[in-house]
Amino acid sequence: MMIAAYGLSKFFPVRGAFRATTSLKAVDDVGLKIQNEQVVGLVGESGSGKSTVGRCLIRLLNPTDGEVLFDVPDSELAEYEKARAAGATERVDAIADRFSLLRRSTSELRAVRRLVNIVFQDPYSSLNPRMKLSTIIGEPMISTRFCTRAEADIRARELLGEVGLPEFFEDRYPHELSGGQRQRVAIARAISTNPKLLILDEPTSALDVSVQAQILNLLRGLREKYGMSMLLITHNIAVVAYLAEYVYVMYAGKIMEWGAKGKVLRDPQHPYTKALMSSVPVIGETRTRSILRGDPPNLISPPLACRFHPRCPVAFEVCGWSPEEVAEDLEFLVGGKYYGTFGDGVRLTVEGDRTIIIQGTTEVQKIQELVDLEKEDVRSLKSIQAIDVADGATSVRLHEAIEPEMYPSPDGREVKCLLFRLDASAPAAMAPRSAG
Amino acid sequence: MSDALAIRDLHVQFHTRRGVYKALNGVDLGLRRGEVLGIAGESGCGKTTMGLAVMSLLPRNASIPRGQVIFDNKDLVNLPREYAERVGDRFKPKEHERILRRVGKALARIRGRRISMVFQEPMTSLNPVLSIGFQVAETVYVHDPALLARRVLARSKTTPQIMREVLTLLGATQGGEAALRKFAADHDLVGLEEQVLFVWRREDVHISRKEKAIRSLAGQSMKPWERKIIETVAKSGSIPPQFARVPVLSKLVRRILLKEGSRKARELLTSLGIHHAERVVKMFPHELSGGMRQRVVIAIALANNPEIVIMDEPTSAVDVTVQAQILELVKQIRTSVSASFIVISHDLAVLAEVSDRIAIMYAGRIVEVAPTAEILHHPLHPYTQMLISAIPTLEGKSVEGIKGEVPDMRAPPGGCAFHPRCPFAFEKCNSVVPIDFRQGDDQLVACWLYEGK
């Protein structure tokens with residue numbers, strides 16, 4: 001196994017002038033594995049934490065929590081996972097001491113830096129404008145003591161040829177190059193120390209399609225020639241489809257689904273993946289897409305339980321609805337569409353973390369009718385467990401939320417959605433919802 | 001039927017310290033009435049420059065040596081060009097201020113009112129220190145104060161009795177809306193009908209609440225002298241100089257009309273699918289998400305019922321799920337608004353979804369124009385063919401890059417600008433600029449391969 005991450009989290013502290021320090025949960029409990037010579041795609045919208053995952057994996061950022069094992073034999077990895085599941089701390093530590101990137105000191109990391117490298121998103125800001133190309137490409141070889149300065153110069157020339165640039169470019173400066181050429185230089189720099197793992201952080205998003213195609217073909221060629229593992233971080237799903245073998249889909253700091261490329265892209269299971277795939281415009285195809293309402297959540301106070309539930313078209317009772325969310329929707333309906341039934345004077349207040357008090361009406365029957373009529377469209381209403389009358393007010397009690405985990409599906413992928421939790425015991429009960 | 005907009009042989013140059021940058025080299029393009037025309041091309045091919053040229057928003061260092069942009073039988077680039085010729089190389093503030101103001105005034109009659117533009121970055125095209133409601137209201141206030149004045153007046157003249165009649169009209173099983181329009185015209189209440197219909201058409205509100213909201217529109221209170229001023233504005237179509245010159249009066253007019261504009265903003269935003277628009281108009285741009293900002297910018301562009309809307313990369317700053325929302329919105333707008341659209345994008349798949357015809361640009365020229373289906377399935381120009389085969393798909397089909405680089409537009413290649421990268425190029429391509437050849441029913445291609453075919 002090239003690299004394996006367990007429970008990786010990165011919280012960034014957020015300080016405000018008038019409020020206590022809180023944290024932005026950019027990456028929360030992410031697990032990810034890359035086999036030797038495998039290309040893994042990590043897709044997600046901007047702000048979903050995919051770049052942070054890439055940086056945490058190779059310790060350009062120090063994760064808040066979690067473990068990253070690098071270049072670990074499969075047998076040891078299996079033992080590690082078993083020990084971790086059983087809670088055998090000593091055994092876990094023993095293996096982690098040998099393979100964990102997070103337990104390496106700075107000087108030990110330097111040796112690792114030879115084996116992992118990264119291509120950054122923006123080729124206009126990731127190359128030092130005051131260095132010649134030969135210096136840029138040679139820098140990692142010298143700093144990781146891969147070879148001497150003289151050898152580095154020779155190798156830089158070879159590498160320019162390798163990425164499809166003429167050798168006389170070695171004396172040029174980055175500003176003389178176009179975007180595509182710069183990205184080629186960045187790739188040459190990244191492969192200069194013969195790394196085993198290459199992290200590609202949005203390698204083509206700053207480029208035009210015609211140049212993007214050139215770079216994609218270059219990456220494909222390099223991979224076949226050197227057999228590197230790659231982590232391809234991108235928001236462009238078509239790019240992943242072109243290069244990767246496995247796909248991880250991220251949303252709001254969590255992995256939502258992962259599996260073999262063909263399965264995840266062609267037959268997505270998680271409602272988010274489904275919506276994401278249907279949002280991608282495809283030439284020569286008009287399709288019915290599921291349009292997501294709203295925008296990705298704020299990660300300082302993310303939604304409860306499943307982070308996708310407020311936008312999910314098939315969310316149900318236990319997905320994590322908070323009384324605030326339910327009260328807002330209920331208020332909107334009572335004051336708008338159902339104004340004729342309830343009239344003025346209905347007030348909703350949230351009490352505790354599972355109860356809403358409705359003042360001004362005690363007509364449980366009518367509220368129940370409203371809920372039954374609307375709950376297929378307004379999904380938050382599904383979370384209403386019981387409606388009672390007490391002391392002249394109506395109290396609405398919600399279901400308790402369940403935190404989703406990665407549920408394995410029979411075809412080898414894992415999906416973080418409660419729809420798949422009961423698959424083994426009661427698939428029939430859940431099937432209609434997933435069809436919706 | 002004549003075109004809504006015709007661009008003829010348009011050339012635009014930018015004078016920079018490093019030489020003259022020939023951004024557009026003879027663009028010929030017609031925008032038909034009611035259509036959505038997509039413009040695709042790589043970065044640096046002049047898509048945005050073309051949009052800016054149509055809007056006469058080119059920076060000072062740009063010049064238009066040749067070409068016309070015909071809109072409503074007028075040449076839009078003539079005025080700025082005349083100005084540029086008079087100014088010459090050096091801008092002398094004192095001498096040229098007057099000409100500049102005259103040009104600006106003449107352009108303002110069209111720009112922003114009859115032709116409007118959605119700019120590339122919703123983040124930077126909104127003013128961060130002004131509220132959303134104000135920014136939408138301002139566009140209407142500047143271009144069409146009479147509309148706002150009519151709306152205020154109509155409300156102030158309406159009595160509960162009139163509103164009861166209005167509601168009976170609407171309650172009729174059919175023809176309610178047409179009857180309402182006629183009623184408003186007959187009773188000198190123009191401006192009322194759109195406010196009433198906005199409430200009436202909402203689907204998420206119970207009918208009794210709608211009726212209540214419509215009744216509450218009646219009887220806007222107004223002092224007699226305020227009414228007099230507003231009536232003058234409504235009649236003259238602009239803010240007359242006798243008010244504009246007196247600070248107290250101009251401020252008063254401004255206050256009343258901008259307040260009304262904010263009401264109109266609420267209606268506009270709601271119609272573009274923003275929930276709780278009454279809250280959103282009080283917010284500032286940083287409080288909105290990317291998708292919301294894009295909707296606000298679109299609302300500003302649509303505020304004056306323009307005849308042409310130019311959208312420059314409307315979806316390139318947003319995520320794919322939000323992009324899907326915006327694309328659906330654009331499709332919905334084009335059925336509800338009687339305007340022609342130009343949508344500029346580097347993403348052919350986005351254009352394929354919304355446009356009727358697509359024009360492909362390369363090095364400042366249109367190389368191919370055709371209906372969407374034709375251009376995607378039977379591309380004729382070698383550049384179009386290669387561009388389409390460079391787009392990766394979800395199926396992971398092999399992609400092919402275009403060899404070489406986009407030409408340096410300070411010294412573009414002679415003949416067809418694409419010939420250095422074109423696999424089919426022959427001698428003629430190096431020396432003679434290709435003209436448009438008509439292929440099939442409605443496909444134009446600028447390539448010598450199609451000469452005589």
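The values are calculated or read from the model by the stated rules, or taken from the named source; none is laboratory data. Here the structure is a predicted model, which means the values were calculated and not measured. Here the Cβ positions follow ideal geometry from the backbone for every residue, glycine too, while neighbour counts run over all protein chains shown.
I'd like the residue in region A:184-218 that is of a type in the set (A, V, I, L, M) and more than 20 Å from A:Pro166 (Cβ to Cβ) and, out of all such residues, is modelled with the lowest pLDDT.
A:Ala206
Only one of these conditions is not met by A:Ile191: (1) farther than 17 Å from B:Val406 by Cα; (2) without any contact (Cβ under 8 Å) to a residue 40 or more places away in the chain. Which number is it?
The failed condition is (2).
Just the residues that are within 14 Å of chain A (Cβ to nearest Cβ) and over 20 Å from B:Glu353 (Cα atoms), please, taken from region B:23-45.
B:Ser43, B:Gly44, B:Cys45
Yes or no: B:Leu257 within 31 Å of the chain's Cα centre (by Cα), surrounded by 17 or more Cβ atoms within 10 Å (Cβ to Cβ) and not β-branched (Val, Ile, Thr)?
So B:Leu257 passes the test.
Could you check, for region A:64-77, whether at least one of its residues is among the aromatic types (Phe, Trp, Tyr), touching a Ser or Thr at 6+ places or on another chain (Cβ under 7 Å) and in a strand (DSSP E or B)?
The answer is no; no qualifying residue exists.
The conditions are (1) out of contact with any Pro (no Cβ under 8 Å at 6 or more places or on another chain); (2) without any contact (Cβ under 8 Å) to a residue 40 or more places away in the chain, and B:Val166 fails exactly one of them. Which is it?
Unmet condition: (2).
Of all residues in region B:293-347, count the ones that are part of a strand (DSSP E or B) and within 13 Å of the chain's Cα centre (by Cα).
Residues meeting the conditions: 10.
Being crowded, with 22+ Cβ neighbours inside 10 Å, within 19 Å of B:Lys47 (Cβ to Cβ) and of a type in the set (A, V, I, L, M, F, W, C) narrows it down to one residue among B:Val296, B:Val309; which is it? Break it down into steps so the answer makes sense when it comes.
Numbers: B:Val296 fails: within 19 Å of B:Lys47 (Cβ to Cβ).
Matching residue, one of B:Val296, B:Val309: B:Val309.
Could you give every pair whose Cβ atoms fall below 8 Å, whose first residue belongs to region B:219-245 and is of a type in the set (Lys, Arg), and whose second residue is modelled with pLDDT of 85 or more, counting only separations of at least 6 or pairs across chains?
Matching pairs, first to second residue: B:Arg227/B:Leu153; B:Arg227/B:Ser156; B:Lys235/B:Ala146.
Return the residues of region B:122-145 that are outside any helix (DSSP H, G or I) and either out of contact with any Lys or Arg (no Cβ under 9 Å at 6 or more places or on another chain) or free of Cβ contacts under 8 Å to residues at least 60 places away in the same chain (or both); say none if nothing qualifies.
Passing the criteria: B:Asn127, B:Pro128, B:Val129, B:Leu130.
Within the group A:Arg19, A:Arg59, A:Arg55, which residue is outside any strand (DSSP E or B), under 19 Å from A:Ile300 (Cα atoms) and not small (Gly, Ala, Ser)?
A:Arg19 is the lone residue from the list that is outside any strand (DSSP E or B), under 19 Å from A:Ile300 (Cα atoms) and not small (Gly, Ala, Ser).
Looking at A:Leu232, A:Leu276, A:Leu200, which one is in contact with a strand residue (DSSP E or B) (Cβ under 9 Å, 6 or more places away or on another chain), within 11 Å of chain B (Cβ to nearest Cβ) and surrounded by 23 or more Cβ atoms within 10 Å (Cβ to Cβ)?
Residue meeting the stated conditions: A:Leu276.
Looking only at strands (runs of 3 or more DSSP E) that fall completely inside region A:215-296, which ones have 1 or more residues that are free of Cβ contacts under 8 Å to residues at least 12 places away in the same chain, within 30 Å of B:Thr372 (Cα to Cα) and not hydrophobic (A, V, I, L, M, F, W, C)?
Counting at least 1 such residues, we get no strands (runs of 3 or more DSSP E) at all.
Specify the residue that is farthest from A:Ile283 (Cα to Cα); the eligible residues are those in region B:348-369 that are within 14 Å of another protein chain (Cβ to nearest Cβ) and outside any helix (DSSP H, G or I). Quick ask: steps written out before the conclusion?
First, the residues of region B:348-369 that are within 14 Å of another protein chain (Cβ to nearest Cβ): B:348-356, B:358, B:360-363, B:367.
Adding the requirement that they be outside any helix (DSSP H, G or I) leaves B:355-356, B:358, B:360-363, B:367.
On the way: B:Ser355: 12, B:Asp356: 14, B:Ile358: 13, B:Ile360: 15, B:Met361: 18, B:Tyr362: 20, B:Ala363: 24, B:Val367: 20 Å.
Checking each candidate, the answer is B:Ala363.
Identify, from the list A:Ala401, A:Ala327, the residue that is touching a strand residue (DSSP E or B) at 6+ places or on another chain (Cβ under 7 Å), modelled with pLDDT of 85 or more, under 22 Å from A:Pro303 (Cα atoms) and away from chain B (no Cβ under 14 Å). Spell out how you get there, then give the answer.
Working: A:Ala401 fails: touching a strand residue (DSSP E or B) at 6+ places or on another chain (Cβ under 7 Å).
The unique qualifying residue is A:Ala327.
If a residue has to be crowded, with 24+ Cβ neighbours inside 10 Å and basic (Lys, Arg) to count, how many in region B:19-46 make the cut?
Here the count works out to 0.
Residues checked against (1) within 13 Å of A:Ile136 (Cα to Cα); (2) of a type in the set (Asp, Glu); (3) in contact (Cβ under 8 Å) with a residue 12 or more places away in the chain:
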residue	(1), (2), (3)
A:Ala152	yes, no, yes
A:Arg155	yes, no, yes
A:Tyr173	yes, no, yes
A:Ile199	no, no, yes
A:Glu202	no, yes, yes
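Right, B:Arg421: modelled with pLDDT of 90 or more, within 30 Å of B:Val20 (Cα to Cα) and out of contact with any Cys (no Cβ under 7 Å at 6 or more places or on another chain) or not?
For B:Arg421, the condition - modelled with pLDDT of 90 or more, within 30 Å of B:Val20 (Cα to Cα) and out of contact with any Cys (no Cβ under 7 Å at 6 or more places or on another chain) - is met.
Which members of region A:216-238 meet the condition of being within 14 Å of B:Ser398 (Cβ to Cβ) and touching a Pro at 6+ places or on another chain (Cβ under 9 Å)?
Those that are within 14 Å of B:Ser398 (Cβ to Cβ) and touching a Pro at 6+ places or on another chain (Cβ under 9 Å): A:Leu216, A:Leu219, A:Ala238.
Spot the failing condition for A:Arg189; the list is (1) in a loop (DSSP other than H, G, I, E, B); (2) over 28 Å from B:Leu348 (Cα atoms); (3) out of contact with any Phe, Trp or Tyr (no Cβ under 6 Å at 6 or more places or on another chain), and only one is missed.
Only one criterion in (1) in a loop (DSSP other than H, G, I, E, B); (2) over 28 Å from B:Leu348 (Cα atoms); (3) out of contact with any Phe, Trp or Tyr (no Cβ under 6 Å at 6 or more places or on another chain) is unmet by A:Arg189, namely (1).
If you scan region B:370-400, which residues turn out to be free of Cβ contacts under 8 Å to residues at least 24 places away in the same chain, more than 10 Å from chain A (Cβ to nearest Cβ) and in a helix (DSSP H, G or I)?
B:Gln385, the sole residue that qualifies.
How many residues does region A:288-299 hold that are surrounded by fewer than 16 Cβ atoms within 10 Å (Cβ to Cβ) and more than 10 Å from chain B (Cβ to nearest Cβ)?
Qualifying residue count for the region: 1.
Please go through (1) in a loop (DSSP other than H, G, I, E, B); (2) crowded, with 16+ Cβ neighbours inside 10 Å; (3) modelled with pLDDT of 90 or more for A:Arg130 and return the number of the only condition it doesn't satisfy.
Looking at each condition in turn, A:Arg130 falls short on (2).
Do you know which of the residues in region A:38-57 that are among the hydrophobic types (A, V, I, L, M, F, W, C) and within 8 Å of the chain's Cα centre (by Cα) is farthest from the other protein chains (Cβ to nearest Cβ)?
This residue is A:Val53.
So in region B:210-233, with the set limited to residues that are in a loop (DSSP other than H, G, I, E, B) and of a type outside the set (D, E, K, R), which one is surrounded by the fewest Cβ atoms within 10 Å (Cβ to Cβ)?
B:Ser221
Suppose we filter A:Pro281, A:Pro302 for residues that are within 14 Å of another protein chain (Cβ to nearest Cβ) and not polar (S, T, N, Q); which single one remains?
Just a single option satisfies the conditions, and that option is A:Pro281.
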